[in-house]
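Engineer: The structure's right below; bear with me while I get my questions together.
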Amino acid sequence: TLVAAAAAHRPHASTVLVGSQPADVDLVLRGTSSLAGTVRAGRTGTPVPGATASLADTAGEIVAVGHTGDTGRYRLTDLAAGRYTLAVSAPCCDPAAVPVTVDEGSEATQDVELAVGGRLAGAARTVSGDPVPDARITVLDAAGNVTAAAITGPDGTYAFENLGAGEYTVIASGYPPVA
C-alpha cells in the first residue's frame, strides 16, 4: 500500500504490485478547501460572536461545524469541493441558511446576515402597583397565535427576545386575566 500526503491536500492510498522491475505510480492528490466569512446582525451590522456555523452536504449530513470569534469570523477547513448548505444560528437572532459552493483547493467566502428580532419586556403589577410574581404572560401575534409565553419573576418582570416586527397582544394570567 502506497500512501501519499501533502499539506493542503487530501491523503491518498493506492495498492501497488511491485515485481522484479521498478514500478511507476502516478497519484493525484486533491486539494482541500475551506469556507470562511463574517456573521453580522442584520439591523446593526455588528459582528455576532459565538454564532454556530454548520455546513451540510447535499444529503443533509453535517460535514463541518465552527463558531464565530469576537470579530464574528468563522472558518471551516478540510472540506471537499462541492455544493453545501451553510446554516448559522446565534441566541440573539433568527437562524439563516444559505447555499454555498466550494471549489477544490481554494477558500470560499460566505458572509451571513442574521435577522435580529425585537425585545418585549415589562412587569405584571396589581392595581395598587405591587409586582405579581408567577403570573403567566402570553404573547399572541396579529392572527391570535401564541408566539411566546413566560412566567414572571419574583419582581413581576418578564422579557421576550427576538420577536419579529409586528403587532402583538400581551395577556397576563394567573390572577384575574388582563389583556
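Engineer: What is the residue count in the range 88-140 for residues that are in a loop (DSSP other than H, G, I, E, B), of a type in the set (Ser, Thr, Tyr) and under 14 Å from GLU161 (Cα atoms)?
Structural biologist: 0
Engineer: Based on what the data block shows, is TYR84 open to solvent by less than 50 Å² (accessible area, probe 1.4 Å), aromatic (Phe, Trp, Tyr) and either touching a residue at least 40 places away in the same chain (Cβ under 8 Å) or assigned to a loop (DSSP other than H, G, I, E, B) (or both)?
Structural biologist: Here the answer is yes, as TYR84 does meet what is asked.
Engineer: Return the only residue of ARG10, ARG30 being surrounded by 13 or more Cβ atoms within 10 Å (Cβ to Cβ), of a type outside the set (Ser, Thr, Tyr), closer than 30 Å to SER89 by Cβ and touching a residue at least 60 places away in the same chain (Cβ under 8 Å).
Structural biologist: Matching residue, one of ARG10, ARG30: ARG10.
Engineer: Which residue, of GLY166, GLY129, GLY156, is surrounded by 12 or more Cβ atoms within 10 Å (Cβ to Cβ) and either touching a Lys or Arg at 6+ places or on another chain (Cβ under 8 Å) or not β-branched (Val, Ile, Thr) (or both)?
Structural biologist: That would be GLY156, the only listed residue that is surrounded by 12 or more Cβ atoms within 10 Å (Cβ to Cβ) and either touching a Lys or Arg at 6+ places or on another chain (Cβ under 8 Å) or not β-branched (Val, Ile, Thr) (or both).
Engineer: Search the range 43-77 for residues being within 24 Å of THR32 (Cα to Cα) and among the polar types (S, T, N, Q), and hand back the single one that is most open to solvent (accessible area, probe 1.4 Å).
Structural biologist: Here the residue is THR58.
The values are calculated or read from the model by the stated rules, or taken from the named source; none is laboratory data. If you're wondering where the values come from, they're calculated on a predicted model, not measured in any experiment. For neighbour counting, all protein chains shown are included, and Cβ atoms are generated from backbone atoms with ideal geometry for every residue, glycine included. Accessible surface is based on the protein model in full, side chains and every heavy atom, while ligands, DNA and RNA are left aside. Shrake-Rupley method; radii C 1.70, N 1.55, O 1.52, S 1.80 Å.
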